[in-house]
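Enquirer: First the structure, then my questions, so here it is.
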Amino acid sequence: MRISITSILVCGLLQSLLSQNLLAFSAKEIQGKWQAGSMTMSGKPLDTDIYELVMVIENQKMKLTYIQDDFAHSKSSKLELDDSSDPWSIILKPSSSEKKSSWIYGILKLKGKKLHIATSQPGEGRAPEDFKSTAQNKADYMVFERFKD
């Protein structure tokens, strides 16, 4: 009896370690600096020649910097990633607030060299169903490419 309980515990530990390694490996694919190639907010396309959006993902943190002319504004968030589904689901928890009503839920997919992200509005409590931004769903949809220095 002792051997079977030990075996179960060892199997559970191995499964836990393997799933953590898979999460870390998948998260590594999106680490780094990205620049938005296209942005649509609540169904309205934004001109990426006027509005620049740079995103940096490091470990479990995401920093977004909006740039327009000489003005830049940055927001940092804790990034929670669930790569067990397709598309991956994300929760952005702003560093400036602990309130759940400020959380942003979204979906993320890496297609080739492009990172697709669709997010809900803060406090909505759920992620968009797909990678579309309309006036009805009020979602934001961005396509990022690796930053080129």
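Only the coordinates and a few stated rules stand behind these numbers; no lab work does. Note that the structure is predicted; figures quoted are calculated from it, not measured. Note that we place each Cβ from the backbone using ideal geometry, even for glycine, and neighbour counts take in every protein chain shown.
Enquirer: Can you give the local net charge around SER89? Use residues other than it whose beta-carbon is closer than 15 angstrom to its beta-carbon, Lys and Arg +1, Asp and Glu -1.
Expert: Charge balance in the 15 Å sphere: -3.
Enquirer: What distance in nm separates the simple spin-label points at GLU29 and GLN68, each placed 7 Å from Cα in the Cβ direction?
Expert: For the pair GLU29/GLN68, the computed spacing is 3.4 nm.
Enquirer: Starting from the 7 Å offset along Cα-to-Cβ, what nm value, one decimal, do you get for the label separation of GLU124 and SER85?
Expert: Rounded to a tenth, the inter-label distance reads 1.4 nm.
Enquirer: Next up: List the chymotrypsin sites (Phe, Trp or Tyr not before Pro) within the stretch 39-80 that DSSP assigns to loop and that have no more than 15 neighbouring Cβ atoms inside 10 Å.
Expert: TYR51
Enquirer: Near LYS78, which aspartates and glutamates are there with a Cα under 14 Å away, not counting those fewer than 8 places off in the same chain?
Expert: Correct list for LYS78: GLU58, GLU98.
Enquirer: A further question on this structure: So if each residue of separation counts as 0.36 nm, and I subtract the Cα-Cα distance between GLN136 and LYS78, what length gain in nm does that give?
Expert: Additional length available on full extension: 18.1 nm.
Enquirer: Per q in 0.09, 0.12, 0.18, 0.20 1/Å, what log10 I(q)/I(0) does a Debye calculation on the alpha-carbon atoms of the stretch 31-146 return?
Expert: After summing over all Cα pairs, the log10 values are -0.21, -0.39, -0.94, -1.20.
Enquirer: Sort 77-87, 116-126 by the packing proxy (mean of other Cβ within 10 Å over each peptide's residues), most packed first.
Expert: Highest mean packing first, the order is 116-126, 77-87.
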